[in-house]
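**Student:** Below is one structure. I have some questions about it.
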């Protein structure tokens, strides 16, 4: 029974994805993206987003964000982003690197992982006052956020409008885009270009792909240099079809939304179960596929002794862990986790779980 | 019947590789390279090369070369390489980019794709005279070369000694390393660290993998910063096992050498068949898995009309094409190609091919 | 009478400096630093700092800091610095640029412009927890600070020890180094290498030079690549003697300390005069050559109407201005400023100033 | 008597320039280019070039070229330049560095230091064929060349037209622009924007300034990001007037052309005198202020023994030296050099020199 809740990346790829990779390897095709899978993907993404766009499959979310930063920062400038965003804290200075030192990620304080529009405006205007500083060029919004929350459509629209009014572009880091769409029950178009998003890092790996992400340009003028940049980045795979075939399978029959809905539901179930334990603290709402929680020490110690694995978040003294669910997290694994936590908390517990199961 | 000889990358992955990917996806594992496949790969590569080393799997040869360049050029400097090397002509300025403008690829003239040691020494010494120029830091040798040839062990040793004597490091771009080992019938150790190679871009994709290369450090002091660099580069895949599993399968039961020997043999067969046609010109020997050839116009036109596909090489007026064979090129496809070429050349031909078949 | 207190850079160069430039131009000399002035400077700086060191004259403080950052961040990493430091807020992303995207300036909160050691340690340790972030490489201390204060010798020692204990190098941005030495009445050696500083941006321009700064390496191993970096940066001036001659004149007969002491005294006099005005607020102590102050509106309006010029600091709503004194600010100009401020504040004022004059 | 012909940079600054520096330091002015000298310079340059333009004074030619490269290469690309150009051989990889790895200088073979238009077109078209290489973005023409020659107006026009027709921008490296204008006896406008030049590195240091160059944008759209770039580069001097005042004095009363004509004439005199010596070889015509020559061994040895100093050019075995004349090279010094050379060559010589003097 699964005890590894460390990351949504501990799961393998979904069987539909693996099958698509194997099938796409049957014949010779043109290398470097000249294959029919990649061409089909372009049409499929345009349908999905209900607009003309440019799509560049790449291998990781880090490179997707990095290449976007390199385009946003020409000639050079700051990219306002959440203080806890992956771009700022977990990409080894990628914005700076990919842009040859042109970009700098500028952290903005968040509430529940989200940047309030007023805070963004204040940061932009303070930056604009300093003539000798890095001028702002863009904002980057992580949807869903690193706090396990989502921006509403209204919030995205407001932030994008504030940015555009100040001549800044809008990037969305959609490493968990599917989880956000599933949560908001909106269309991909509503959440992106219709709300003012210029370009999107569209994630698939965390949600059932083997290794596949895509950079999606709604503002197509920005795409002009991408083909060079991606090649130089070593993300123009010679056997590119293996990326495109993954993304096609990901979108086929709404696999991406089915996977995301399942993962979100499992996180909600984790939260509901933990909430019954006195002393458990949740720093943020749980709106996507993972729960941030501070557990009482006996619960934490007991779960570790049972062999459970989680990642830590924030300052050590706060004791917050992330419990990540994925496309393939079994209901039974969640229920076992909750039972174990209840047991370590000294709750009778079994009845409650039985109730949930009914 | 296969008519696509455009590149060794038009082939899909070998079945052993696909099977390994699927199998490695059965369970949860630690992400970002903490998985057992990656750990096993490290031991396997050490055995293969008969020495302690550091291995970093990455997704493409371009990023392997680029990351190597970024390390070689600290604090900054020139990397001497073949004028026709991939590093210099086909990576969109990757050496310059990955090093943040620190590296510059410095082309050196070649004979049959190989840099003569005397030419290298002359280039290094001319460079050393110019105090204000980019100081030399390294040489990069492509083995097998872009001309379809290989350096002998003696040549590698001589070039490496010349470089080391002048305080330059030695990188080997081994995108077709397997083809060179197969051709030379030597050990991987003999061709690399025993000959003076400090670090190696070890290729697998062109020879049957889906997307898998590895950076191999024999000079382990150079590896110190690689884990950061690879992560920043977006080549620390979250589901890293899919890369490591490919490389393990690649080495299992000498799959890599069997694939390379077959591809080399097919190229030799193409050359032998074409050599019978009057007017065919070969600019270089054929020592690995592709043939460079200039065909008489009727032969070229006929093959194109038949639906054959090749890539061009060099200046258009020279009319040189590359006929690339791969791990899965069928003997029958080669024989059909030769028969067609003979037919377009007006040769009776059938007998000759029959003879080869016997 | 001087009414421009906008910056210590509104002043011209000191007559001793101009004389030295003119005299150094009398004859032919070797270009690019091969001249006798540059050689003499190296010996002079070694005497001044009482140790062997390497000196690289450059034209501006921005390039001094940028080149230092490019060295500190090899292979790459974060440079902890004050949140209000020039490096972080006023060099257009120079740390990132000069290092080719390798460095990132990481702001640390300050008290009176100084980083408390406990805050530094907390920032370093929080950073060290995030494996995927930019690893810390160095700290940069601005001495005197942008708040008009100085670190004590004990504070510098403590911060440097905290950094070294965590394997971080120590840079000092000494754009106003002379003002700090004058204030602390210590030796240059005590304030730098004896306290643990590895390399120093030694400023002269703000304190009477025309355009001359120097990068001083106490940790001489770090200097290895500087000659290339400086040339590439366009700061290896062909007629380099004009820089070295300025720096020699700057040190001759303690001109640098005399200038700094005067500027510091003038700032103290400004503060003393303003402090007599009810409602004037000083956010920080005044320890070097400028005063940060928030003035009552009638005083501010009156001074602007009189033609006085200052620069603003911090958020607009705080109304803080910087009143900068320089090597050549006349006592009379300070007294006129104070008299005017007193007049606009409705104070009788003349007596107080007369008292100060006595 | 002057025996240092190593470089045009061994000379000090002209007295007019020094006087202007001293005078510009008399009063307080706004720092960072807000001063009246800089404003006056903008108008003066517009008059000189007979067009609206943008001017950015900087401290060295290396940074002028580097900043131009960083603009030319956005998003990224190759800059075709002479194989012997300063940009390619003497700026420590500056094009690559300043552009954050975006630019690569691509050397083109020259005849007498000049790129023939047909050679340029061939290089561009060969580059355009390689989809994975660095795409061409610009050409950079050195005027006067490193071979001591000048491009004619017709040649510049032809090269610029070839570049523009292929969507490449045109940069002119005018480190010795004055010498070229003096030689061609044309207007600055004819030699630049009227011939198709988009931006110019306008040199002054080699021709009598202390340290002053200017980047001149005729294609003003390219200037948009320069103010940030120059500041980041550490070439926005706080006491910027000292640069602008130099450039104003340089242009005043045609000082720049008078200096250049003198230096050119001295080089012509050197050449005429050396040409009388049997065995002296000149690899190129002498059209500006220096002579490239290979001297018979006794002449070379004799001059060295006399204390003369020159720089070497090209491969050591060719024995070519550069004899550089400057704005202040005395006729007598040239004649002494010639007399000495004649003496070491065993010529009677005195008569010839007397003849030249008359």
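**Student:** What are the residues in the stretch A:30-39 that are surrounded by 21 or more Cβ atoms within 10 Å (Cβ to Cβ) and either facing another protein chain (nearest Cβ under 7 Å) or part of a loop (DSSP other than H, G, I, E, B) (or both), if any? Spell out the reasoning first.
**Tutor:** Applying the first criterion (surrounded by 21 or more Cβ atoms within 10 Å (Cβ to Cβ)) to the stretch A:30-39 yields A:31, A:33, A:35, A:37-38.
The answer is A:31, A:33, A:35.
**Student:** Can you work out which of the residues in the stretch B:1-20 that are more than 7 Å from chain A (Cβ to nearest Cβ) and assigned to a helix (DSSP H, G or I) is nearest to the chain's Cα centre (by Cα)?
**Tutor:** Selected residue: B:17.
**Student:** Residue C:257 is checked against (1) in contact with a helix residue (DSSP H, G or I) (Cβ under 6 Å, 6 or more places away or on another chain); (2) buried (at least 19 other Cβ atoms within 10 Å of the Cβ) and fails just one. What number does that condition carry?
**Tutor:** Going through the list (1) in contact with a helix residue (DSSP H, G or I) (Cβ under 6 Å, 6 or more places away or on another chain); (2) buried (at least 19 other Cβ atoms within 10 Å of the Cβ), residue C:257 breaks only (2).
**Student:** What is the number of the single condition among (1) part of a helix (DSSP H, G or I); (2) over 30 Å from residue B:233 (Cβ atoms); (3) touching a helix residue (DSSP H, G or I) at 6+ places or on another chain (Cβ under 6 Å); (4) facing chain D (nearest Cβ under 9 Å) that residue C:64 does not meet?
**Tutor:** Here residue C:64 meets the rest and fails (3).
**Student:** Filter the stretch C:283-320 down to the residues that are within 14 Å of chain A (Cβ to nearest Cβ) and within 28 Å of residue C:257 (Cβ to Cβ) and list them by number. Give the steps one after another, and end with the answer.
**Tutor:** So the first thing to find is which residues in the stretch C:283-320 are within 14 Å of chain A (Cβ to nearest Cβ), and the list is C:311-320.
Listed by number, the residues that qualify are C:311, C:313.
**Student:** Suppose the filter is over 22 Å from residue C:216 (Cα atoms) and crowded, with 24+ Cβ neighbours inside 10 Å; does residue C:11 pass it?
**Tutor:** Working: over 22 Å from residue C:216 (Cα atoms): yes; crowded, with 24+ Cβ neighbours inside 10 Å: yes.
Yes; evaluated as a whole, the condition is true for this residue.
**Student:** Shifting gears a bit: Looking only at the stretch C:149-161, how many residues end up being in a helix (DSSP H, G or I) and in contact (Cβ under 8 Å) with a residue 40 or more places away in the chain?
**Tutor:** Taking the stretch C:149-161 first, the residues in a helix (DSSP H, G or I) are C:153-161.
Still in the running and in contact (Cβ under 8 Å) with a residue 40 or more places away in the chain: C:153, C:155-156, C:158-159.
Counting residues in the stretch C:149-161 that are in a helix (DSSP H, G or I) and in contact (Cβ under 8 Å) with a residue 40 or more places away in the chain gives 5.
**Student:** Given the conditions (1) without any contact (Cβ under 8 Å) to a residue 40 or more places away in the chain; (2) more than 19 Å from residue A:105 (Cβ to Cβ), and given that residue C:95 satisfies all but one, which numbered condition is not satisfied?
**Tutor:** (2)
**Student:** Here's a follow-up. Any idea how many residues of the stretch A:214-232 are in contact with a helix residue (DSSP H, G or I) (Cβ under 6 Å, 6 or more places away or on another chain) and at pLDDT below 95?
**Tutor:** Number satisfying all stated conditions: 3.
**Student:** Same structure, new question: Please determine, by comparing only the residues of the stretch A:40-61 that are in a helix (DSSP H, G or I) and under 29 Å from residue A:106 (Cβ atoms), which one is farthest from the other protein chains (Cβ to nearest Cβ). Spell out how you get there, then give the answer.
**Tutor:** In the first step, residues of the stretch A:40-61 are kept if they are in a helix (DSSP H, G or I); the result is A:40-49, A:61.
Going one step further and asking which of them are under 29 Å from residue A:106 (Cβ atoms), we end up with A:49, A:61.
Details: A:49: 23, A:61: 8 Å.
Top of the filtered list is A:49.
**Student:** Just to verify a result, which residue in the stretch D:67-85, among those that are surrounded by fewer than 24 Cβ atoms within 10 Å (Cβ to Cβ) and at pLDDT below 80, is nearest to residue C:231 (Cα to Cα)? Write out each step before concluding.
**Tutor:** Of the residues in the stretch D:67-85, the ones surrounded by fewer than 24 Cβ atoms within 10 Å (Cβ to Cβ) are D:74-75, D:83-84.
Narrowing the set further to residues that are at pLDDT below 80 leaves D:74-75.
Details: D:74: 23, D:75: 25 Å.
Only one residue tops the list, namely D:74.
**Student:** Considering only the stretch D:162-270, give the helices (runs of 4 or more DSSP H) lying wholly within it that have at least 2 residues that are touching a strand residue (DSSP E or B) at 6+ places or on another chain (Cβ under 8 Å).
**Tutor:** Details: elements: D:177-184, D:188-191, D:226-232, D:241-251.
The helices (runs of 4 or more DSSP H) meeting that bar are D:177-184, D:226-232, D:241-251.
**Student:** So, residue B:274, is that one touching a strand residue (DSSP E or B) at 6+ places or on another chain (Cβ under 7 Å), within 30 Å of residue B:342 (Cα to Cα) and part of a helix (DSSP H, G or I) or not? So that I can check it myself, show each step before the final result.
**Tutor:** On the way: touching a strand residue (DSSP E or B) at 6+ places or on another chain (Cβ under 7 Å): yes; within 30 Å of residue B:342 (Cα to Cα): yes; part of a helix (DSSP H, G or I): yes.
Taking the combined requirement at face value, the residue satisfies it.
**Student:** Still on this structure, please answer the following. Please specify each residue of the stretch A:148-159 satisfying the condition of being in contact with a strand residue (DSSP E or B) (Cβ under 7 Å, 6 or more places away or on another chain) and either buried (at least 24 other Cβ atoms within 10 Å of the Cβ) or within 14 Å of chain C (Cβ to nearest Cβ) (or both). Quick ask: steps written out before the conclusion?
**Tutor:** First, pick out the residues of the stretch A:148-159 that are in contact with a strand residue (DSSP E or B) (Cβ under 7 Å, 6 or more places away or on another chain): A:148-149, A:151, A:155-156, A:159.
Within the stretch A:148-159, A:148, A:151, A:156, A:159 qualify.
**Student:** Which count do you get for residues in the stretch C:214-252 that are under 21 Å from the mean Cα position of the chain (by Cα) and more than 8 Å from chain D (Cβ to nearest Cβ)?
**Tutor:** The qualifying residues number 17.
**Student:** Still on this model: Tell me which of these residue B:20 doesn't satisfy, since it passes every other one: (1) in contact with a helix residue (DSSP H, G or I) (Cβ under 9 Å, 6 or more places away or on another chain); (2) surrounded by fewer than 24 Cβ atoms within 10 Å (Cβ to Cβ); (3) at pLDDT 95 or above.
**Tutor:** If we test residue B:20 against (1) in contact with a helix residue (DSSP H, G or I) (Cβ under 9 Å, 6 or more places away or on another chain); (2) surrounded by fewer than 24 Cβ atoms within 10 Å (Cβ to Cβ); (3) at pLDDT 95 or above, just (2) comes out false.
**Student:** Condition (residue is assigned to a strand (DSSP E or B) and either away from chain C (no Cβ under 14 Å) or crowded, with 24+ Cβ neighbours inside 10 Å (or both)) applied to the stretch B:116-125: is it met by at least one residue?
**Tutor:** No, the conditions are met nowhere in the stretch B:116-125.
**Student:** In the stretch B:86-104, what residues are within 16 Å of residue A:234 (Cβ to Cβ), surrounded by 23 or more Cβ atoms within 10 Å (Cβ to Cβ) and at the interface with another protein chain (Cβ under 8 Å from one of its Cβ atoms)?
**Tutor:** Residues satisfying the conditions are B:91, B:92, B:93, B:94, B:96, B:97, B:98, B:99, B:100, B:103.
The values are calculated or read from the model by the stated rules, or taken from the named source; none is laboratory data. In this text, all values refer to a predicted model and were calculated from it rather than measured experimentally. Neighbour counts are summed over all protein chains in view; Cβ atoms, including those assigned to glycine, are modelled from backbone coordinates with ideal geometry.
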